[in-house]
Amino acid sequence: MGASFRIVKAILLGFVVLCSGLGVRAEEPTGLYVSPAGHNYRSDGMPLQSAASVQASLRLCAKMGIKRIYWRGFQEQYLTRHALRRAANFSLFEYWEWLRELDETRGIHQAAVQTSAETGMEIWGVFGLFDHGSDPREDAYCGAASGYGPAVYSDSLRIEFPEEIPRDREGIRAQCGTLRLTNPVLRKKLIKRLSALMDEGYQGLLLYSYMENLSLWFPGEFDREPLGPLTAKEVTTFVRELRDELSKKNKRLALQIDPRQAFRHLPSPWLGLTPSVNTVGNVPIAWEEWLREGLLDELVFSVPPDAEKESVAFAEDVSRKFPKVPVSLLARQAWPKSSLALAVDARSPEWQARFQRQAESVDALRLWAECTDSRAPELTTIFSSDSATVVAALASAMKSPSSAQALALAALVKERQEYSVRHQASETLGAWGEEARDALALLAADEDASVRRVAYMAATKMNPIAMARPLLDQAVSDPDPYNRWVGFRGLGRVPMDPALQALVAKIVTEDPDPTVRSVAAWLVRPGMKIDPDLFEALSARFVALHAGKDWRWEFRTFGDALFGNGPDGRAFLEKCLIQKQNPDLADSAWRCLFVRQNGGSLDLVEPAFALKAYQSHPEVRPDAGRTSNE
């Protein structure tokens, strides 16, 4: 195999230039990176919500010269089959159930594999090396600390092998996402699962190294013994065993890493969320050793938007050191609303110029629209098979919406009971505002809770908030707990007047659903002056959550509400911390006082502060008196 050096760029501009003529091209694309979950959550870009639309989209890609598809839907397949999903996280659980439908009923992943084979393209699966979900009590992205409920999924291996979940330096906090990989039985089960999925038609597997489940509190928190962080040796053993299994079936293996100096041998930071800190911790990734041993067939470098020159230079250096190993660059988020990425020859003068120029999203969207008109008839299948695309087309009339259009959209929602239509319709109607008033009233009166939810979700997007308030007030008293949750999320834009404080106090005291109680507590933001009745309700619920052995994850929003409201709240948490009767209550108080993660970003602290915090932790065994609360 000769030296091969490609570059992958998430830029739609080159994509649509090729689409418009499907003729001679200035540069030849070789691969396309596609994340079906990302596309389908936004309902933009290439619709991938049915076998027919996947087939139409990938056939067009083949006509444009694409030779390989990197399909992150592989990981969706793995998780829908092997992960526990928690219904208490209403919004993400609903989305993951839809992903299951796309796999098991609509067959989008099977269609991708079949279409790739029929058109002569390779298809490679994409999978997270360290991303195995989270436990319900640990703060994680879109989890309890943000009022969403517990982390939505956990790989069943984390439940079966709890001793393989890394602990922090003091043995108190469990890490989200990762597994230690020290147990050969665990490694064998994971490899067997991946190998079985590869047998469904994938030619290769691309492992990425970042993690979406956030738990890091301070740099180095999970980096050392005695309680077992990941090590280079353990990860290498897993990669070696995985390679052995895939080689038996003539399958290939690639690794995706960060080419910046600070992260060349560490897990990547996750997208733009934590640009200077990897979310896994300082886990050595010995990819050069893996290349010398022949464990990897290819390397893919993830290129941050501000590191293009550094990335290209490093990729060229690696290509010289390992001339038989193809090297690609994956540039993320050049087109903010797309999961597309193109692979072309990075050494061409045309591409070097393009690499320095970010495509404006407005231009990219306009050009994509041109790509789906009569000049690309192969895409007409998409519009007839994906009703969410019909909703997106209606949204294109946003500059001049009408009540009649909104009512037509409401009729579509009532007719087509599917997640994608409801999701896109709520976005569209919320943006239309006044013109959608009659349609939203119609939806809010429906007997179906999921139809009412479209109106409530739209209200969370409407401006001014006075227009949305009647729908939000209806939502918080809806009999469906998911709808009540939506209402309280929307009320996050409303000042906490005495009436709303009284409502929150009532909900955290009386509502039977933990996610509704949690999101109500989330409304109490730092610095708010709260009434004594609300303070008492928050304090009582915080203690009540720890009354039995089955402690609950929603302690975080209650503790954060108390912490953020002055000395009285912190004094209450301090009392909980030093009491001796209930170790779970003391531990939760310690976390709320010191571990200030919010679930949506990493609010890192200095190690010196963390050391003082650990000195304040009650002297209890980490798992004393606890259940898994799964």
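The values are calculated or read from the model by the stated rules, or taken from the named source; none is laboratory data. Note that the structure is a prediction, hence the values are computed from the model and not measured. So basically every Cβ, Gly included, is an ideal-geometry build from the backbone, and we count neighbours across all protein chains shown.
Quick notes on this one:
- The sole residue among V451, V508 that is among the β-branched types (V, I, T), over 30 Å from Q597 (Cβ atoms) and either at pLDDT 95 or above or in a helix (DSSP H, G or I) (or both) is V451.
- Criterion: in a helix (DSSP H, G or I), closer than 19 Å to L503 by Cα and in contact (Cβ under 8 Å) with a residue 12 or more places away in the chain - qualifying residue of L471, L443: L471
- Of all residue pairs spaced 6 or more apart or on separate chains, none has beta-carbon atoms under 8 Å together with a first member in the stretch 388-417 that is over 22 Å from W98 (Cα atoms) and loosely packed, with under 13 Cβ neighbours inside 10 Å and a second member that is of a type in the set (F, W, Y) and at pLDDT below 80.
- For the stretch 173-182, the criterion of being in the same structural domain as F74 (by TED's automatic domain parsing), touching a residue at least 60 places away in the same chain (Cβ under 8 Å), charged (D, E, K, R) and more than 19 Å from T80 (Cβ to Cβ) is met by at least one residue.
- Count - residues of the stretch 295-321 that are surrounded by fewer than 16 Cβ atoms within 10 Å (Cβ to Cβ) and without any contact (Cβ under 8 Å) to a residue 60 or more places away in the chain: 8
Per-residue answers, yes or no, for (1) within 30 Å of E554 (Cβ to Cβ); (2) at pLDDT 90 or above; (3) outside any strand (DSSP E or B):
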site: N40; (1), (2), (3): yes, no, yes
site: E101; (1), (2), (3): yes, yes, yes
site: E118; (1), (2), (3): no, yes, yes
site: D135; (1), (2), (3): yes, no, yes
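- Matching residues in the stretch 382-424 - criterion: being under 23 Å from A111 (Cα atoms), among the acidic types (D, E) and modelled with pLDDT of 80 or more: E418
- Taken together, the residues in the stretch 146-192 that are touching an Asp or Glu at 6+ places or on another chain (Cβ under 7 Å), crowded, with 22+ Cβ neighbours inside 10 Å and of a type in the set (S, T, Y) amount to 1.
- For the stretch 135-150, the criterion of being farther than 25 Å from S518 by Cα and touching a residue at least 60 places away in the same chain (Cβ under 8 Å) is met by no residue.
- Residues in the stretch 193-208 that are part of a helix (DSSP H, G or I), touching a residue at least 40 places away in the same chain (Cβ under 8 Å) and surrounded by fewer than 19 Cβ atoms within 10 Å (Cβ to Cβ): R193, S195.
- Hey, A520 buried (at least 24 other Cβ atoms within 10 Å of the Cβ), in contact (Cβ under 8 Å) with a residue 24 or more places away in the chain and out of contact with any Ser or Thr (no Cβ under 8 Å at 6 or more places or on another chain) or not: yes
- With respect to being charged (D, E, K, R) and modelled with pLDDT under 95, D497 fits the description.
- Condition broken by L604, with the remaining ones in (1) within 30 Å of A502 (Cα to Cα); (2) of a type outside the set (F, W, Y); (3) touching a Phe, Trp or Tyr at 6+ places or on another chain (Cβ under 7 Å) satisfied: (1)
- Test: residue in the stretch 226-245 that is within 30 Å of A112 (Cβ to Cβ), out of contact with any Gly (no Cβ under 7 Å at 6 or more places or on another chain) and in a loop (DSSP other than H, G, I, E, B): no
- Residue check for S450: at negative phi and without any contact (Cβ under 8 Å) to a residue 12 or more places away in the chain: no
- When residues in the stretch 487-513 are screened for being touching a residue at least 40 places away in the same chain (Cβ under 8 Å), of a type in the set (A, V, I, L, M) and closer than 24 Å to S426 by Cα, 0 of them pass.
- Qualifying residues in the stretch 535-558 (those that are among the small types (G, A, S) and modelled with pLDDT of 95 or more) - the one surrounded by the most Cβ atoms within 10 Å (Cβ to Cβ): A537
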